[in-house]
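Step one of this worksheet: look at the structure below.
The values are calculated or read from the model by the stated rules, or taken from the named source; none is laboratory data. All values reported here derive from a predicted model rather than from experimental measurement. No Cβ is skipped: glycine too gets one built from the backbone with ideal geometry, and neighbour counts run over all protein chains shown. For accessibility, only protein heavy atoms count, side chains too; no ligands or nucleic acids. Shrake-Rupley method; radii C 1.70, N 1.55, O 1.52, S 1.80 Å.
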Amino acid sequence: MDQASPHALPFSRYRELLDREYRTLADLIPATLGLPVPACPGWTGEDLARHTAIVFLHKAETIRTGERPSHGWPPVSIGSFPPQALLAHSFTALTDQFDRHRPEDPAETFVPWDQTVGFWIRRLTHETAIHRVDLEDTAGGDPTPMDPDLTVDGIDEVLTVMLVRGQPDHAASGTVVRLEAGGHSWDVRLAPGQVEVTRDATANGQPTVRTDPEALLLWLWGRAPQPFPPSDAVQELRARLARAL
């Protein structure tokens, strides 16, 4: 698989979108603190806020030191913060690190081919966007449309970063499923070992599903119904992805 990220956005664009997604998410917290989050069984809005805050704080420390914090993590003191205050504190710590670093600066990540600060701003912008969708669903309001460029990049990230990290499946069919959205395609081979993803290849008759980018991204993340007819190959892809996320 090509480890490059051709759909990735400039650092400054991620920084802008991260701010936008965070503000929307933060504004939803007061109304959703005690409500169950449909996409995260067993969680309330407060649980989601605290989870997001701890992720922000963990990555801020990873960027600050260049490696993941281990001993004494998370800090005991964060339990005394109300959820909104904790989220705001953690976001400030994270964005302070982003503003102090260049995208190529080293930082430990969970993929061997990209050990940089740029990996984390991409990952956390998508993380924040998905959890913003979760809280909008929790609140029952109309969803905010996702940024089109971020949506295409999100499809690419969930397939080429998250899916390929999944455990081998010795019962896998080896089928290639072609996903098309936003003028791009991803051929996903459900191999018994590591899943293989090829971008923008010529179609050759493999099973193909086409939909708009936002519908595809939210389905891949398990946040929306399947936006195309069911098939064994599509169900296998979704099951494989669910185990990887």
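Among the conditions (1) open to solvent by 50 Å² or more (accessible area, probe 1.4 Å); (2) free of Cβ contacts under 8 Å to residues at least 24 places away in the same chain, A191 misses just one, which is (1). Within the range 176-188, the set of residues being closer than 16 Å to P227 by Cα and open to solvent by 10 Å² or more (accessible area, probe 1.4 Å) comprises R178, E180, G182.
On the stretch given as the range 204-213, residues that are open to solvent by 60 Å² or more (accessible area, probe 1.4 Å) and either under 26 Å from P148 (Cα atoms) or among the hydrophobic types (A, V, I, L, M, F, W, C) (or both) total 3.
Could you check the range 194-222 and list, in sequence order, the residues that are in contact with an Asp or Glu (Cβ under 7 Å, 6 or more places away or on another chain), assigned to a loop (DSSP other than H, G, I, E, B) and either over 17 Å from D156 (Cα atoms) or in contact (Cβ under 8 Å) with a residue 40 or more places away in the chain (or both)? Q206, the sole residue that qualifies. Based on this model, can you work out whether L135 counts as open to solvent by less than 40 Å² (accessible area, probe 1.4 Å) and touching a strand residue (DSSP E or B) at 6+ places or on another chain (Cβ under 9 Å)? No: the conditions fail for L135.
So which residues in the range 28-50 are open to solvent by 30 Å² or more (accessible area, probe 1.4 Å) and in contact (Cβ under 8 Å) with a residue 24 or more places away in the chain, if there are any at all? Passing the criteria: L28, P30, A31, L33, L35, P36, P38, A39, E46, R50.
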